[in-house]
Amino acid sequence: MMNRIADLHLQALKEQLEDVFSSRKVLVTGGSGFIGSWLCDMLVSANAIVHCVDNLSTGLTDNIEHLDDAKNFMFKKMDVTKPDLDEMYCLIFHLASRASPSDYQQYPIQTLLANSVGTWKMLELARKSDAILMYASSSEVYGDAQVIPTPESYWGKVNPVGLRSCYDEGKRFGEALCMAYLRSYRLDVRIARIFNTFGPRIREDGAYGRVVSRFITQALRADDITVYGDGSQTRSLCYISDTLAGILKMVSSEKGKGEVFNIGNPREMSILDLAKKVNDLTGRKSRIVHEPLPPDDPARRCPDISKARQLLNWEPKIGLEEALKTTIDWFKLKLS
């Protein structure tokens, strides 16, 4: 379920990408997750031969079951740290990792291994296949950024031994390993630092819920909306179709080779304002309550996307209110 503008946006992108992906064998790790499953959709529709692997620790088969009958799609349950793959690929999208803070803090070792050993295994596969590898990194590599908007040249301010370090430092190591393969083997690697992305299929349950999905489900259930701290911390929220467009453009452009790109929306919004906006758009009057701020929670998140604009001709197109309405409608159906 996308909105009309997002559908048109992705349809236009698909038509551009068919020449790039048609009949090419592509591997997507973490392919039954939120971003990964939408990426599989786009690649299947662009006539790529898509192999999706996921250990289902956070991904859901519900996200990809509609692709079961597609002749150019195959799913295999697999842990990327112990891959059983004897195929050769043209392109590898490495997205496998826990991504929700409360989840990866429960499974810090698994999170670190997915971004270290898992990334190494995928880089070795890419080297043997002479494939392009796209590594899904994160805005979390910047830690509590002191430069806002944050450019790719910023080195970050990260607590290497804090509760979030399993994800932050895991992603930073994954990036370093990708660049080592570029320099040592001239492997074509591309790194996407993905900022907060939301839309249909994003999980809201238990440890997996992130801020947008948590606020929406709390409001729809008439529960209190929980804001950590005073809510002055900011995030920059990008709709899933825009994130997909950025990822696909960076792997299909010659200008993407060996580059790192911020993929996110440069519009910054406070968490408190987001809670109020969700309340308004759902038509609910949920009470907003405040809980203690978690350790090392970044104060601000806002990407500088000048590089992606210049080299990829990419920037987000879907407005926040429209994106939130579409996501709310999806959750209404899911929770009904």
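The values are calculated or read from the model by the stated rules, or taken from the named source; none is laboratory data. The model shown is predicted, which means the values in this text are computed figures rather than measured ones. When we count neighbours, we look across all protein chains shown, and the Cβ atoms used for this are built from the backbone with ideal geometry, even at glycine.
A compact table of results
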read-out: Lone qualifier among L56, L123, L91, L113 - being modelled with pLDDT of 95 or more and within 21 Å of G209 (Cβ to Cβ); value: L56
read-out: Within the range 162-197, tally of residues that are touching a residue at least 40 places away in the same chain (Cβ under 8 Å) and not in a helix (DSSP H, G or I); value: 14
read-out: Single residue of the range 234-250 satisfying the filter (more than 21 Å from L281 (Cβ to Cβ) and of a type outside the set (A, V, I, L, M)) that is surrounded by the fewest Cβ atoms within 10 Å (Cβ to Cβ); value: K249
read-out: Matching residues in the range 60-78 - criterion: being of a type in the set (V, I, T) and either touching a strand residue (DSSP E or B) at 6+ places or on another chain (Cβ under 7 Å) or assigned to a loop (DSSP other than H, G, I, E, B) (or both); value: I64
read-out: The range 290-336: number of residues that are more than 22 Å from D223 (Cβ to Cβ) and aromatic (F, W, Y); value: 1
read-out: Neighbours by Cβ (under 6 Å, 6+ apart or cross-chain): first from the range 11-28, under 22 Å from L85 (Cβ atoms) and modelled with pLDDT under 70; second among the hydrophobic types (A, V, I, L, M, F, W, C) and surrounded by 12 or more Cβ atoms within 10 Å (Cβ to Cβ); value: none
read-out: Members of the range 283-316 that are surrounded by 14 or more Cβ atoms within 10 Å (Cβ to Cβ), of a type in the set (K, R) and either part of a loop (DSSP other than H, G, I, E, B) or at positive phi (or both); value: R284, R300, R301
read-out: Checklist (1) of a type in the set (S, T, Y); (2) surrounded by 20 or more Cβ atoms within 10 Å (Cβ to Cβ); (3) in contact with a Lys or Arg (Cβ under 7 Å, 6 or more places away or on another chain) applied to Y167, failing item; value: (3)
read-out: Matching entry among D280, D230 (being without any contact (Cβ under 8 Å) to a residue 24 or more places away in the chain and at negative phi); value: D280
read-out: Residue among G31, G36 that alone is at pLDDT 95 or above, in contact with a strand residue (DSSP E or B) (Cβ under 7 Å, 6 or more places away or on another chain), of a type in the set (G, A, S) and in a helix (DSSP H, G or I); value: G36
read-out: Residue within the range 321-328 that is more than 21 Å from I202 (Cα to Cα), modelled with pLDDT of 95 or more, in contact with a helix residue (DSSP H, G or I) (Cβ under 9 Å, 6 or more places away or on another chain) and surrounded by 13 or more Cβ atoms within 10 Å (Cβ to Cβ) present; value: no
read-out: The range 21-49, residues that are farther than 18 Å from T243 by Cβ and either over 18 Å from the mean Cα position of the chain (by Cα) or of a type in the set (D, E) (or both); value: S22, S23, R24, K25, N47, A48, I49
read-out: Scan of the range 131-167 for residues that are within 14 Å of R235 (Cα to Cα) and of a type in the set (S, T, Y), ordered by number; value: S138, S139, Y142, T150
read-out: Flag for A70 being surrounded by 20 or more Cβ atoms within 10 Å (Cβ to Cβ) and among the hydrophobic types (A, V, I, L, M, F, W, C); value: no
